[in-house]
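Encoded as structure tokens, the structure appears first; notes follow it.
The values are calculated or read from the model by the stated rules, or taken from the named source; none is laboratory data. For clarity, every value in this text was computed on a predicted model and none was experimentally measured. Note that each Cβ is placed from the backbone with ideal geometry, even for glycine, and that neighbours are counted across all protein chains shown. Ligands, DNA and RNA are stripped out before the accessible areas are found, and what is left, the full protein with its side chains, is counted by its heavy atoms. Shrake-Rupley method; radii C 1.70, N 1.55, O 1.52, S 1.80 Å.
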Amino acid sequence: MNLDFTEDEITRYSRHILLGEVGGTGQAKLGAARVLLVGAGGLGSPLALYLAAAGVGTIGIVDDDVVDLSNLQRQIAHSMASLGTPKADSAAAAARAINPGVTLQVHRTRLTPDNALELIAGYDIVCDGTDNFPTRFLVADACVLARRTLVSAAVLRFDGQLSVFKPHAGPDCPCYRCLYPAPPPDGLVPSCGEAGVLGAVTGVMGTLQATEVLKEIMGIGETLAGRVLIWDALAARFRTVRLRRDPGCPACGEAPSIRDLSAHHPAPAPACAV
């Protein structure tokens, strides 16, 4: 671990280094970390910006979409100048403008069963910021198989949800399928494009997601693994519910049935962002 900071780095990260829970060691852990963002939209935007600002050494961004005018109500990494450009490029440029000292790896591709494991295996932590269940389950299953920590957030209308899934860390840590064993039937749960979302809600949840990523990298605070944080923005109310590991879970249970992504995710899933 490199604790040899430059003068500019000491100044840039001084407010982190002053924190007893972070210090120089924590900042060095951030600099050595590799985090993959799946989706560069409403959640991925604040994630990319705050992780870059915090000094996370390598940030990968997966998104095969381009910036549209309807994105700008909530996807704050993009601007009018970004219209028509790949979201992954736009988000990377915004993050790089904040902190040129971090490495941005752009993946202008659709996440599929054929490339998910290879992409995810190159990073320490994965963040799900997508807006469709096929991609969410693909990311979650790939993280279980690759033994990578997943920090997952979701938003719809005025509500948000956040948790950390790392079943490889021990028996008290469930996976995404312990919460949702299977995707809901088509059309049962609308997307943000169908039901709408208050733009600031994605900003709050993406920022909370970034906070959990930083905690996981540095090993500080209480993990959200085994708990689900739920936010009702209209009521200004947060609550946390306990989530236990399911012995019969098809991904992380005692007799897992998911051993091959292609068998459970035969169709390519677009990395649509919130």
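Would you check which residues across region 28-60 are among the polar types (S, T, N, Q) and buried (at least 24 other Cβ atoms within 10 Å of the Cβ) and list them?
Ser45
Out of Ala48, Ala81, Ala52, Ala40, I need the residue that is over 14 Å from the mean Cα position of the chain (by Cα) and at pLDDT 95 or above. Which one?
Ala81
Taking into account only those residues within region 1-19 that are of a type in the set (Val, Ile, Thr) and exposed (fewer than 12 other Cβ atoms within 10 Å of the Cβ), which is nearest to Ile98 (Cα to Cα)?
Thr11
Say we look at region 214-255 and pick out the residues that are of a type in the set (Gly, Ala, Ser) and closer than 15 Å to Leu179 by Cβ; which of these is most open to solvent (accessible area, probe 1.4 Å)?
Checked region 214-255; the qualifying residue most open to solvent (accessible area, probe 1.4 Å) is Gly248.
Kindly establish whether Asp186 is free of Cβ contacts under 8 Å to residues at least 60 places away in the same chain, more than 19 Å from the chain's Cα centre (by Cα), open to solvent by 70 Å² or more (accessible area, probe 1.4 Å) and over 17 Å from Ala140 (Cβ atoms).
yes
The rows are residues; the columns are (1) among the acidic types (Asp, Glu); (2) more than 15 Å from the chain's Cα centre (by Cα).
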| site | (1), (2) |
| --- | --- |
| Ile98 | no, yes |
| Arg108 | no, yes |
| Thr112 | no, yes |
| Leu117 | no, yes |
| Ile120 | no, no |
| Thr130 | no, no |
| Thr135 | no, no |
| Asp141 | yes, no |
| Leu145 | no, yes |
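What do you reckon, is Ile258 assigned to a loop (DSSP other than H, G, I, E, B) and open to solvent by less than 20 Å² (accessible area, probe 1.4 Å)?
yes
Need pairs with beta-carbon distance below 6 Å; first residue in contact (Cβ under 8 Å) with a residue 40 or more places away in the chain and within 27 Å of Val204 (Cβ to Cβ) and within region 228-253, second open to solvent by 30 Å² or more (accessible area, probe 1.4 Å) and assigned to a loop (DSSP other than H, G, I, E, B); sequence gap 6+ or separate chains.
Going by the 6 Å Cβ cut-off, the qualifying pairs are Ala233/Phe158; Leu234/Phe158.
Tell me, which strands (runs of 3 or more DSSP E) wholly within region 93-178 include 2 or more residues that are touching a residue at least 12 places away in the same chain (Cβ under 8 Å), open to solvent by 10 Å² or more (accessible area, probe 1.4 Å) and within 30 Å of Ala233 (Cα to Cα)?
Of the strands (runs of 3 or more DSSP E) lying wholly inside region 93-178, those with at least 2 residues that are touching a residue at least 12 places away in the same chain (Cβ under 8 Å), open to solvent by 10 Å² or more (accessible area, probe 1.4 Å) and within 30 Å of Ala233 (Cα to Cα) span 149-156, 159-165.
Which of the residues that make up region 197-213 are of a type outside the set (Val, Ile, Thr) and open to solvent by 30 Å² or more (accessible area, probe 1.4 Å)?
Matches in region 197-213: Leu198, Ala200, Leu208.
Out of all the residues in region 61-78, is one or more under 13 Å from Val38 (Cα atoms), open to solvent by less than 60 Å² (accessible area, probe 1.4 Å), at pLDDT 95 or above and not acidic (Asp, Glu)?
Yes: one or more hits.
Pick from Leu47, Leu37: which is assigned to a helix (DSSP H, G or I) and within 25 Å of Ile120 (Cβ to Cβ)?
Testing whether each residue is assigned to a helix (DSSP H, G or I) and within 25 Å of Ile120 (Cβ to Cβ) leaves just Leu47.
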